[in-house]
Protein chains: 2
Amino acid sequence: MSEAFQVRADSPDGPAMTEPLETWMPRILQRTEQALDRYLPPKDMEPTVLHDGMRYATLGGGKRLRALLCHAAGELVDAEEAVLDGAASAVEMIHAYSLVHDDLPAMDNDLLRRGQPTVHVRYGEAMAILVGDGLQAQAFAAISELPASPSQKVALLKELASASSSLGMVGGQAIDLASVGHVLTRDQLEQMHRLKTGALLRASIFMGAHCGPAPVPASLHAALDDYQRAVGLAFQVVDDILDVTSDAATLGKTPGKDAQDNKPTYVALLGLDASRALAEELGKRARAALAPLGPRAGHLHDLADMVVHRIR
Amino acid sequence: MSEAFQVRADSPDGPAMTEPLETWMPRILQRTEQALDRYLPPKDMEPTVLHDGMRYATLGGGKRLRALLCHAAGELVDAEEAVLDGAASAVEMIHAYSLVHDDLPAMDNDLLRRGQPTVHVRYGEAMAILVGDGLQAQAFAAISELPASPSQKVALLKELASASSSLGMVGGQAIDLASVGHVLTRDQLEQMHRLKTGALLRASIFMGAHCGPAPVPASLHAALDDYQRAVGLAFQVVDDILDVTSDAATLGKTPGKDAQDNKPTYVALLGLDASRALAEELGKRARAALAPLGPRAGHLHDLADMVVHRIR
């Protein structure tokens, strides 16, 4: 985990933080792991193979960027960490299910994920479909169960369902599927990623804000919206860069797949140097969006740095 | 539709009804179709192929048993029909997604559903996976949007997420998958169906009850629980009977698949005559559970008859 996110805690243009990144990040990662363990059915509960697969797909790996964004946004509104744990678990379960289905033979046909065999390689294709389906339902079950008011739960539900829907993540995957072998314009590429990965990153941030005791003020909403747009796009640009510059051991998945599958990428469209410059520019834009929020946005600031400088 | 549900409106042992079945049923079916049309993204919205697939899988077919059960239970608690429309749409979307994924080559590999090519035959396997995923998210989006209080929405969310989860429908499918080629005891077969189809039928009924303005009273909860258990099991027993006695034209799907796939069924376990007797007995048990609820349970009473006497 620490390898993937090598960032300076004392980022030169960053504001002072409430809790140092060196303690905050491992603490939130540990909380998230424990919360996921609680919100997922235990592995000795029937049907045990399904539950084992759901836990294999979700626990013990991943950058947990969505959980970290959720907690960091929650700090801006004095959200209780127990509520944030539930929201972060829900969004990580949606992310995990999307990877399981994305890796299926009919989709990307990936054999390796987080350095381990993908779910369909380990459990078979039929069970992998059910693991994904069960994780999606479990994410919404987690929203219904977390310790918050009915109004908060409905705000979280709205955000997560919309981000996961055909107007969000699943819609982006459908566009991705249809785009293989086609030349996309930069606008089309951006629209695809805004849905495919951006919608859930955006939801992670807004769900964190909805975990606070009061409705999200318009000024905060506007700042977070600017932030999420820049971070979401930066995430994808860096993903495309890593696909051509990294190796399987560091990446935990097969690199070079996009070019091989003839998928449109930023590197293919802009070249490597311009893609790197774009990622830096987006990082700057994300940090600028946080300026009006003051020192409480410190962890969101760090997370923008991490997204731009991540090595896997 | 009317062919599938040939029942006497003047069922001899049934109580008087508020609205005659002959007008109530087509009215609710039409409301459900219109509500699904509203709660699903329009087909001219991007990505259009995905939305076309989601609408193909959901609209213009099916018995709508779950929507009817939801509305019939809602009548017991003076629920507003606009709220019931949203709940019924959500549960029908979950049902539709489960059929799309169930029909996939890696699962049951079915080519025909409701007399039409299955979604993967028409749109390809990858898109069918996304159609199912998108429908599940859209069901939860519908819950977030329907015109009810936050407390009602959370009650509906809890019911639907739990019924769709690995402890409900998806869990039943995993057990079904693992049971192919194995001999199940009657208890094991009942447990599988209680999850695979029973959980969502149960949710349809309880969601209808949650659409009322007040929490569901314990006595009503107990009666509905007895009812749903009998109706859910009757539904499956009749399914197994139809699989060996019906033809593709009537059934709208390929009959004889269960025997061919070496799946455990009630007919295989008990024989045809004993299965028919069991279905009748369960119908009686369902009607008996409604006795304390008086004439307002008339439509639930009719629906139990329909489940036992359906021909597809």
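A short reminder: the numbers here are calculations on the coordinates, not readings from a lab. Fair warning: this is a prediction, and the values are worked out from it, not measured in the lab. Here the Cβ is made from the backbone with ideal geometry for all residues, glycine too, and neighbour counts use every protein chain on show.
Side notes on the structure shown:
- Entry note, chain A: relative contact order of 25 percent, from Cα contacts under 8 Å with a spacing of 6+ residues.
- Spin-label pair A:GLU46/A:THR185, simplified geometry with 7 Å Cα→Cβ offset, distance in nm: 5.7
- In nanometers and ordered shortest first, the copy-to-copy spacing of the B:GLU81 label point, defined 7 Å from Cα toward Cβ, is 5.2.
- Simple Cβ-charge dipole of the protein assembly as shown, Lys/Arg +1 and Asp/Glu -1, about Cα centre, in debye nearest 20: 180
- What separates the A:ASP187 label point from its copies, with the point 7 Å along Cα to Cβ, is 6.5 nm, written shortest first.
- Our analysis of region B:169-227 gives Rg over Rh at 1.14, with the two radii drawn from alpha carbon positions and Rh computed by the Kirkwood formula.
- Computed about the Cα centre, the dipole magnitude for region B:69-114 is approximately 220 debye when only Lys and Arg (+1) and Asp and Glu (-1) carry charge, each at its Cβ.
- Two-decimal Rg/Rh across region B:111-182, once Rg and the Kirkwood Rh are taken from alpha-carbon atoms: 1.09
- The mean number of partner chain beta-carbon atoms within 10 angstrom of a residue's beta-carbon across peptide A:43-55 is 4.
- Over region A:51-101, relative contact order from alpha-carbon pairs under 8 Å, at least 6 apart, %: 45
- Whole-Å distance, taken between Cα centres, linking region B:13-71 and region A:259-303: 44
- Listed by chain and number, the lysines whose C-alpha is less than 22 Å from the C-alpha of B:LYS153, apart from same-chain residues fewer than 8 away, are A:LYS153, A:LYS158.
- Gyration tensor over alpha-carbon atoms, region B:212-312, equivalent ellipsoid semi-axes in Å: 30, 13, 12
- Taking region B:104-139 and a reference point 7 angstrom along Cα→Cβ of A:ASN109, the backbone N atoms nearer than 14 Å belong to B:125-126.
- Spacing of the two label points (7 Å from each Cα toward its C-beta) at A:ASP226 and A:ASP247, in nm: 4.2
- Residue mean of other protein chain beta carbons inside 10 Å, A:138-147: 6
- Global form of region B:92-228, assessed from the alpha-carbon gyration tensor, a/c cut-off 1.5: oblate
- GNM result for chain A, Cα springs below 10 Å: residue of A:ALA234, A:ALA223, A:ALA274 fluctuating most strongly: A:ALA274
- Overall dimensions of chain A as given by Cα atoms, namely Rg and Dmax in Å: 18.4, 52
- Residues B:MET169, B:MET127, B:MET45 arranged by fewest to most Cβ contacts within 10 Å: B:MET45, B:MET127, B:MET169
- Residue of chain A with the Cβ closest to the rotation axis carrying A onto B, and that distance rounded to whole Å: A:PRO150, 2.
- Cα-centred dipole magnitude for chain A, charges only on beta-carbon of K, R (+1) and D, E (-1), debye, nearest 20: 180
- Percent of C-alpha pairs per 20 Å bin, the protein assembly as shown, short to long: 20, 52, 24, 4, 0
- A dipole drawn for the protein assembly as shown from +1 and -1 charges on Cβ atoms has a positive end, and of B:HIS95, A:LEU130, B:ILE28 the residue lying farthest that way is B:ILE28.
- The mean sequence distance of close C-alpha pairs (under 8 Å, at least 6 residues apart), as a share of the length of region B:127-195, puts its relative contact order at 24 percent.
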